[in-house]
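The values are calculated or read from the model by the stated rules, or taken from the named source; none is laboratory data. None of the values given here were measured: they were computed from a predicted structure. Glycine also receives a Cβ, built like all others from the backbone with ideal geometry; neighbour counts cover every protein chain displayed.
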Amino acid sequence: MGSEYKRIILLKGLELINDYQFSIVKSLLAHDLGLTTNMQEEYNKVKIADLMEKKFPGAACVDKLIDLFKDMPPLKDIVKQLRNEKMKVAKKMKTTEETPKKKPQQARVGPSACAPTTSSALLCGRAEGTTASQVMKGQHQAAPRGRVLHQGPLTVLVLKATEPFEYESPEEGRSRMFHATVATPSQFFRVKVLNSNLKEKFTKESIITILDYYECKGILEINKASSVYEADPLQLIVVPNSIIKRANETPKIGNLYKQASGTFVYGLFLLHEKKVNRKTTVYEIQDNTGTMEVVGTERWHNITCEKGDKLRLFCFQLKTIDQKLKLTCGTHSFIQVIKARKSKKEPVGFDLKVEFDMMHSPPDQFMGFHSGIVKTEDFY
């Protein structure tokens, strides 16, 4: 279907603009496409389309053109047409994939409604997506590394997003990402956005459409080959308060012990004790149902926190270590430290409920600094 996207950028995009507008496009793409001054003068629309197809494979080439055109007021109608054409191709691809199956329960646009992921809803609402989850189980088994590609589209409401932070992976080396929570009218999703350039798209309460994204164990993954764009201004999504509430809830520790090893966990937990070892740090979290150890390594080894603080965990995984279930950090894990005020008898200036973010920097063998965010809030 790559040729379909090339057809869109050439016939529905570049072909409709005048020479001056085309010169602007070439100038803005010069760095990404490696265009010299002579190339900018000589290359026609066909050659530019060829280069865009190679540099931005799949739907990404259409998104790139949309990003350029949307800042040029005379091209507003072309932007709308590009988005519509892109949606048509995405739906066509989806239909082509599903036709041989001929099973109505598999005709899903979005990811499974329930997966082994413990987040604010803990179990993601067992009753709402049992059949769909068994649609997705077969796909998980066939996909490499348990990741399922969804070519979309999925339109969602953004509930919240973290600030970008650095991480390191064997495939891409050092890079930047952020976590987000999004929702449809029927469910919410945790999202790993592995492209920090998309941060401005994930503004709270904005409505966006996602294409070419992955899903693994109930978590969506957006990488540099994925497409994210603002939904049509006339398109509205009403998310029930019950969904938003579940998205903000923290699972009880007692319930975590009932989950299977491998389950991913998100939530805000009280730090009861911190034990620093040579290569690892054990953060013991506590609530009224029990305690659990969180094992921090590499950039999450010995972060700045103390008893009474709260730790907001993103993408931590339950694993059995020494015959005991613990929370462990991985490549995409993230911790926010929320400092506690330990007394109400503070100077007047501290009585206000003020939150501040700052990056703290204990040494780290991979990045040289930690990317945790430290916040302050009232709780007693």
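Scanning region 257-269 for residues that are out of contact with any Ser or Thr (no Cβ under 6 Å at 6 or more places or on another chain) and modelled with pLDDT of 95 or more yields a single hit, PHE269. Considering GLU230, GLU200, GLU215, the condition of being buried (at least 20 other Cβ atoms within 10 Å of the Cβ) and among the charged types (D, E, K, R) is satisfied by GLU215 alone. Of the residues making up region 159-172, those that are in a strand (DSSP E or B), surrounded by fewer than 19 Cβ atoms within 10 Å (Cβ to Cβ) and modelled with pLDDT of 90 or more are LYS160, GLU166.
Per the conditions (1) in the same structural domain as GLN187 (by TED's automatic domain parsing); (2) assigned to a loop (DSSP other than H, G, I, E, B), the sole criterion not satisfied by ARG278 is (1). Can VAL265 be described as touching a residue at least 60 places away in the same chain (Cβ under 8 Å) and buried (at least 19 other Cβ atoms within 10 Å of the Cβ)? The answer is yes for VAL265.
Going by the structure shown, is GLU284 among the acidic types (Asp, Glu) and either at pLDDT below 95 or surrounded by 18 or more Cβ atoms within 10 Å (Cβ to Cβ) (or both)? In short, no. Taking region 1-24 as the range and being of a type in the set (Val, Ile, Thr) and touching a helix residue (DSSP H, G or I) at 6+ places or on another chain (Cβ under 6 Å) as the test, the residues that pass are ILE8, ILE9.
Would you call GLU306 touching a Phe, Trp or Tyr at 6+ places or on another chain (Cβ under 8 Å), at pLDDT 50 or above and either farther than 23 Å from PHE165 by Cα or in a loop (DSSP other than H, G, I, E, B) (or both)? It is false that GLU306 is touching a Phe, Trp or Tyr at 6+ places or on another chain (Cβ under 8 Å), at pLDDT 50 or above and either farther than 23 Å from PHE165 by Cα or in a loop (DSSP other than H, G, I, E, B) (or both).
Residue by residue, here is whether (1) under 32 Å from the mean Cα position of the chain (by Cα); (2) within 26 Å of HIS150 (Cα to Cα); (3) modelled with pLDDT of 90 or more; (4) surrounded by 13 or more Cβ atoms within 10 Å (Cβ to Cβ) holds:
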{"residue": "SER3", "(1), (2), (3), (4)": "yes, yes, no, no"}
{"residue": "ILE8", "(1), (2), (3), (4)": "yes, yes, yes, yes"}
{"residue": "ILE48", "(1), (2), (3), (4)": "yes, no, yes, yes"}
{"residue": "MET52", "(1), (2), (3), (4)": "yes, yes, yes, yes"}
{"residue": "ALA59", "(1), (2), (3), (4)": "yes, yes, no, yes"}
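Restricting attention to region 232-275, the residues being in contact with a strand residue (DSSP E or B) (Cβ under 7 Å, 6 or more places away or on another chain), of a type in the set (A, V, I, L, M, F, W, C) and not in a strand (DSSP E or B) number 7. Within region 281-303, the residues that satisfy the criterion of being of a type outside the set (Phe, Trp, Tyr) and not in a strand (DSSP E or B) are ASN288, THR289, GLU298, ARG299, HIS301, ASN302, ILE303.
Looking at region 158-171, is at least one residue within 10 Å of the chain's Cα centre (by Cα) and in contact (Cβ under 8 Å) with a residue 40 or more places away in the chain? Within region 158-171, one or more residues are within 10 Å of the chain's Cα centre (by Cα) and in contact (Cβ under 8 Å) with a residue 40 or more places away in the chain. Residues in region 51-75 that are part of a helix (DSSP H, G or I) and more than 15 Å from PHE22 (Cα to Cα): GLU53, LYS54, LYS55, ALA60, CYS61, VAL62, ASP63.
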